[in-house]
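To keep things clear, I will list the structure first and then write my remarks on it.
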Amino acid sequence: MFERMPEEQHGFYVEFELRAVEDRGETIARGYPAFRDIEVAVITMPGGNLVVDKVVTAALLYEWKHGVPGRKPPTPFALAAYEAWKDGREAPVNGADLKNWPGVTPAQLKMCQGSNIRTVEDLAECNADSLRKMGMGSVALKDKAIAYLGAAGENKNSEAVASLKVEMEALKEALAKRDDQIAELMDQRDADTPKRGRPPKVA
């Protein structure tokens, strides 16, 4: 179960697992080896070039939630991934999951996953080492990911403009309706108000 998180200009994945470690105090007390489970976060950079194991502690969870002042920003996706793992749920992906990307074939998906590339964003940011590790066709696939994200950005802008147009039309319609209501109220007031002046002469 992987989760990608932003850290400065880079991203990484975190996978959680239980590991048995010897409890020396219990071993001494019992006279035979005693073990306890610990939660471990296995942090991997895209491409799998760097893997770091961290024991999940209250301090680490606090760091993920609040960050380290002046050093590290909060990493809420790590916390969300941990909570999902604890609940037995699939961790949310920070980005466009390659599994749902129509631009990748099953073979290419397997190739990317084998190199710890899980999102379209990671694929678009692949370095030369990661591309070499992925093998033939990786450069073209990276270019395809870049083009896909570029088009998504343009579509986002188009959708934003279209949304603004809809809001403007709705506002114009509301203003026109309000003006009609005001005019109707004015006409009704004029009709109900008796006209001032001299009363008509009685013959």
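General observations
- Hey, Ala183 in the same structural domain as Gln113 (by TED's automatic domain parsing), surrounded by 10 or more Cβ atoms within 10 Å (Cβ to Cβ), part of a helix (DSSP H, G or I) and modelled with pLDDT under 80 or not: no
- Hits in the range 36-56 - residues which are without any contact (Cβ under 8 Å) to a residue 60 or more places away in the chain and not in a strand (DSSP E or B): Leu50, Val56
- Apart from one condition, Gly70 fits all of (1) over 17 Å from Phe12 (Cβ atoms); (2) not in a loop (DSSP other than H, G, I, E, B); the exception is (2).
- Given (1) part of a helix (DSSP H, G or I); (2) closer than 23 Å to Glu39 by Cα, number of the condition Val139 does not satisfy: (2)
- Count of the range 120-146 residues which are touching a residue at least 60 places away in the same chain (Cβ under 8 Å) and in contact with a helix residue (DSSP H, G or I) (Cβ under 6 Å, 6 or more places away or on another chain): 1
- Residue within the range 77-95 that is part of a loop (DSSP other than H, G, I, E, B) and more than 23 Å from the chain's Cα centre (by Cα) present: no
- Taken as a whole, the range 57-67 holds no residue that is of a type outside the set (Lys, Arg), assigned by TED's automatic domain parsing to the domain that holds Glu22 and in a strand (DSSP E or B).
- Selected residue [surrounded by fewer than 12 Cβ atoms within 10 Å (Cβ to Cβ) and modelled with pLDDT under 85] from Pro46, Pro33, Pro106, Pro6: Pro33
The values are calculated or read from the model by the stated rules, or taken from the named source; none is laboratory data. Bear in mind the structure is a predicted one, so any value in this text is a computation, not a measurement. Cβ: placed from backbone, ideal geometry, glycine included. Neighbour counts: every protein chain shown.
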